[in-house]
Protein chains: 2
Amino acid sequence: MANIHDVSKAAGVSVSTVSRVLNNHPYVKKEKAEAVKKAIIETGYIPNINAVNLKKGKTHLVGIVLPFLDVPYFSQLVQGISQAASVHQYKLVLYQTGYDEHQEKEALEMLKLKQIDSLIICSRKISLETVEHYQQYGSIVLFENGEDTPLSYTFIDHYACFMRALEYLYEHGHRKIGFSINRLDGANSSQRERAYRDFLKLKGLPFHKEYIFKKCLNIEDGERILREIAAFQERPTAILATSDQVAAGIITSSSKYALKVPHNLAVIGFDDQPIARAMQITSVNIPLYSIGQILFEQAIAEEISHKEVSTELMERSTV
Amino acid sequence: MANIHDVSKAAGVSVSTVSRVLNNHPYVKKEKAEAVKKAIIETGYIPNINAVNLKKGKTHLVGIVLPFLDVPYFSQLVQGISQAASVHQYKLVLYQTGYDEHQEKEALEMLKLKQIDSLIICSRKISLETVEHYQQYGSIVLFENGEDTPLSYTFIDHYACFMRALEYLYEHGHRKIGFSINRLDGANSSQRERAYRDFLKLKGLPFHKEYIFKKCLNIEDGERILREIAAFQERPTAILATSDQVAAGIITSSSKYALKVPHNLAVIGFDDQPIARAMQITSVNIPLYSIGQILFEQAIAEEISHKEVSTELMERSTV
DNA sequence: CTGTTAGCGCCTTCAC
DNA sequence: GTGAAGGCGCTAACAG
C-alpha cells in the first residue's frame, strides 16, 4: 500500500503539499496540485483511514439504535443510512436493543467513550432527558418529533397523516373505523391515538375502545385483528393498520371470515412497502430510505437541525 | 480521555508494561499488573481503537455482502453477525448489492484496499473464482457450501433438508408435490432442484415442470403460487415453500380458492421464522442467528474452516 | 520481567 | 505557496 510519502516522492513535492491537496486546502499551485493528483492515481494511493482518524480524533463510525432489524420498516431505514454512510466513508455500528433501556444506554455510553462519532436513534424507550445528557459527547439524531429538544431530528407528522387517512376513509363513507398500533407508549403511537380521538370528536362519532388493536407489527397480527373483529357484534368497516405487513395480514385472512376487501372492510396500510404495491394496498407512503439518508447527514453535520418529511396517501384498491 | 501514559503514571510503571497487561502478555509481575488494572479503572482509561488499528495495520471492520436487507432471512443473519461483532469489538460495513456483480466486486476491492479486514458473503452472484482471487487480501467467508474452495464457509445441506421435507410429505401421503425457489441460478436453488428430481426418480413419480415456482421470496409470491395452482387441471397436494413468508402467503390466500390447509394443500416453509411459529406453519428450522455468529467467528479467525449447520423439521399444523 | 524508543500514516502549525 | 518537524496513542522490538 502506497502511503503519502510515496505519493510525495512520485510527485516531487513534500508530504504536506500532498496532504493539502488531499484535504482541498487552498494555496497550492495548480501545477503541483496536478502533479500530486497524477501521482495519487499512479501509485494507487488510498488514505489510511486509521491514521486520519487517529490524527483527527474521530472514528468515522456512527451508531444506529433500533429495537430489531427483522422488520421491513427498520431494515429499510438502515438501507438508507447505510447508503449515505458509504458515500461519506463512514461505517456503521448496529445496536439492536429490543427496546431494552439498558442496551440503549450502552449505545449512548459508546458515544461518551469516543467509540463512535454520532448516534442515530431510530426508536427508543429510554427517556429523552437521558439521551440529551449524552449530547455533549457527540452528535445524536432522533427519528421522531423531538419538539423543543436540543437534538437534531427528522420526523413525519404522524398526527397529520393519520388524520388525513381517517378523513379519506370518512369521505368513502366509513363511520366505524378501527386502527392498530404497535407499542402502547412510544411517541408515534400516542400521536396516532390523539389524532383518532380528535377525529371522532370532530365528526361526532362514538369511541369504541375495542377498535384499537395493540401490539400489532406483523402479518400474523393482522390475522389476529380479523379474528377479533369476527367476534364483534358491531364490526368496524375500515381499519388503519400499523404497517403494510399488518394490512397484508388483514387482507389475506379476510376471505376466511367471508369479508371482502374493500367492500366489507376497507384497509389502509402504512409505509408503502413493496408488499403494498404488490398487493395493491392503499397505503401512506413514508420514504424510509430517504429518511435514512437524511438522518445520516444530520448525524455527521456540525449544526443541529430539524427536518419534517412529508407523506403521501397512495390510493389503491383496498378502500 | 485518559491515555496509556496517564495510566502508566498513575500506576508508577512504564507504558509498555501497561500495554502488556492490556494485551495479556505474559511476564508481568503480579503486583504491577494489579497496579495497572487499578490505574485503568481509576483513570477511566479506554484504549484508542484508531491508534491500535493504525499500529496493527488492521481496521477492525468486517464487510457484509448481501443482496437486500429487507427480507427476514438476511436481516436475521445480520443480527447474528452484528451480535458477534460487538462482542469482539468489531464494526460492520454493509454492502447491499442487489445481486449486482459490480457492487459485489466493489466490496471485494475494499478488502484489497485494506478498508476492511474481512468480508462475509451471505449471497452472491459473482463467480467463485473472482472471489477466491481476493483471498490474498483478507479473509473471506461464504454462507454456502463452497465444496473444495480454499475459503472459509458455513453451510447447510440444502439437498438433505429438502429431501427430508419431501420424504415427510411423502409419508403423509403426498404424491404431487410442488416447490418454490427464489433465484434460478444460485447454489441453494440448484441443490433444491436436484433433490427434487432425485426424489421423484427415487419414488417413481412423474415430473411436472409447472410444479416449480420461481422467483418466490415474499408473501405476495405465495399468493401468486396459489393463483397459478388454481388454474391447474391437476393440482399439487403439497408445496415446499422457499421461505416462511412464501408459505404464509400460500396459507393466507388458500381460503380464497376454497382450499383448506393442510386438508387440500399441505405447506412446508423454510427458516422457521417467528411468523412460522405464529401461524403454526410446519417449517424447516435454519438457525440464522447462530449461523451469523459462526460466520463472524470465521471471518476473524486465522485459519480457514468449514462448518455445516444442521436443520430441523418443525412439525406443526400445515401438513 | 521491565523500561526506552522507534515508528504506524497522517495533519498541521511554524518557519521560510 | 511550500517544506520540515512534531505528535495523535499505541505496540513491539530491543536492551537491559
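The values are calculated or read from the model by the stated rules, or taken from the named source; none is laboratory data. Treat the numbers as computed from the prediction; the structure is a model and nothing was measured. When we count neighbours, we look across all protein chains shown, and the Cβ atoms used for this are built from the backbone with ideal geometry, even at glycine.
Pick out, from the range A:1-75, the helices (runs of 4 or more DSSP H) lying fully within it that include 3 or more residues that are near DNA strand C (Cβ under 8 Å from one of its atoms).
On the way: elements: A:4-11, A:15-22, A:30-43, A:49-56.
It comes to A:4-11, A:15-22, A:49-56.
In the range A:81-103, which residues are surrounded by fewer than 20 Cβ atoms within 10 Å (Cβ to Cβ) and of a type outside the set (Ser, Thr, Tyr)?
To start, the set of residues in the range A:81-103 that are surrounded by fewer than 20 Cβ atoms within 10 Å (Cβ to Cβ) comprises A:83, A:86-89, A:98-103.
Those that are surrounded by fewer than 20 Cβ atoms within 10 Å (Cβ to Cβ) and of a type outside the set (Ser, Thr, Tyr): A:Gln83, A:Val87, A:His88, A:Gln89, A:Gly98, A:Asp100, A:Glu101, A:His102, A:Gln103.
Could you figure out which of (1) part of a helix (DSSP H, G or I); (2) buried (at least 18 other Cβ atoms within 10 Å of the Cβ); (3) away from chain B (no Cβ under 12 Å) isn't true of A:Ser290?
All conditions are met except number (2).
Being under 20 Å from A:Ile229 (Cβ atoms) and not in a helix (DSSP H, G or I) is the filter here, so list the residues in the range A:185-217 that pass it.
A:Leu205, A:Pro206, A:Phe207, A:His208, A:Ile212, A:Phe213, A:Lys214, A:Lys215, A:Cys216, A:Leu217
May I ask you to list the residues in the range B:82-94 that are more than 19 Å from A:Gln83 (Cα to Cα) and either in contact with an Asp or Glu (Cβ under 6 Å, 6 or more places away or on another chain) or in a helix (DSSP H, G or I) (or both)?
Filtering the range B:82-94 for residues more than 19 Å from A:Gln83 (Cα to Cα) gives B:83-90.
The answer is B:Gln83, B:Ala84, B:Ala85, B:Ser86, B:Val87.
In the range B:155-163, is there at least one residue being part of a helix (DSSP H, G or I) and either on the phi > 0 side of the Ramachandran plot or surrounded by fewer than 18 Cβ atoms within 10 Å (Cβ to Cβ) (or both)?
Of the residues in the range B:155-163, the ones part of a helix (DSSP H, G or I) are B:158-163.
With the extra rule that they be either on the phi > 0 side of the Ramachandran plot or surrounded by fewer than 18 Cβ atoms within 10 Å (Cβ to Cβ) (or both), the set shrinks to B:160.
Within the range B:155-163, one or more residues are part of a helix (DSSP H, G or I) and either on the phi > 0 side of the Ramachandran plot or surrounded by fewer than 18 Cβ atoms within 10 Å (Cβ to Cβ) (or both).
Does A:Lys91 fit the bill of being over 23 Å from A:Pro274 (Cβ atoms), within 14 Å of chain B (Cβ to nearest Cβ) and either at pLDDT below 90 or within 16 Å of DNA strand D (Cβ to nearest atom) (or both)? Even if it seems obvious, please write down each step before you answer.
Numbers: over 23 Å from A:Pro274 (Cβ atoms): yes; within 14 Å of chain B (Cβ to nearest Cβ): yes; either at pLDDT below 90 or within 16 Å of DNA strand D (Cβ to nearest atom) (or both): yes.
Judged against the criteria, A:Lys91 is a match.
Sort out which residues of the range B:136-150 are of a type outside the set (Gly, Ala, Ser), in a loop (DSSP other than H, G, I, E, B) and surrounded by 10 or more Cβ atoms within 10 Å (Cβ to Cβ), and write them in order of number. Full working, then the answer.
Residues of the range B:136-150 of a type outside the set (Gly, Ala, Ser): B:136-137, B:140-145, B:147-150.
From the residues that got through so far, the ones that are in a loop (DSSP other than H, G, I, E, B) too are B:144-145, B:147-150.
Passing the criteria: B:Glu144, B:Asn145, B:Glu147, B:Thr149.
Here is a list: B:Glu106, B:Glu101. Which entry is without any contact (Cβ under 8 Å) to a residue 12 or more places away in the chain and not β-branched (Val, Ile, Thr)? Before the answer, list the steps.
Values: B:Glu101 fails: without any contact (Cβ under 8 Å) to a residue 12 or more places away in the chain.
One residue alone meets the criteria, B:Glu106.
Given the conditions (1) more than 8 Å from chain A (Cβ to nearest Cβ); (2) at pLDDT below 95, and given that B:Leu54 satisfies all but one, which numbered condition is not satisfied?
For B:Leu54, the failing item is (1).
Quick one: how many residues across the range B:8-61 are within 10 Å of DNA strand D (Cβ to nearest atom) and small (Gly, Ala, Ser)?
Here the count works out to 6.
From the list A:Val62, A:Val78, pick out the single residue that is in contact (Cβ under 8 Å) with a residue 60 or more places away in the chain, within 7 Å of chain B (Cβ to nearest Cβ) and either among the acidic types (Asp, Glu) or surrounded by 20 or more Cβ atoms within 10 Å (Cβ to Cβ) (or both). Steps first, answer last, please.
Numbers: A:Val62 fails: within 7 Å of chain B (Cβ to nearest Cβ).
Checking each option against the conditions leaves just A:Val78.
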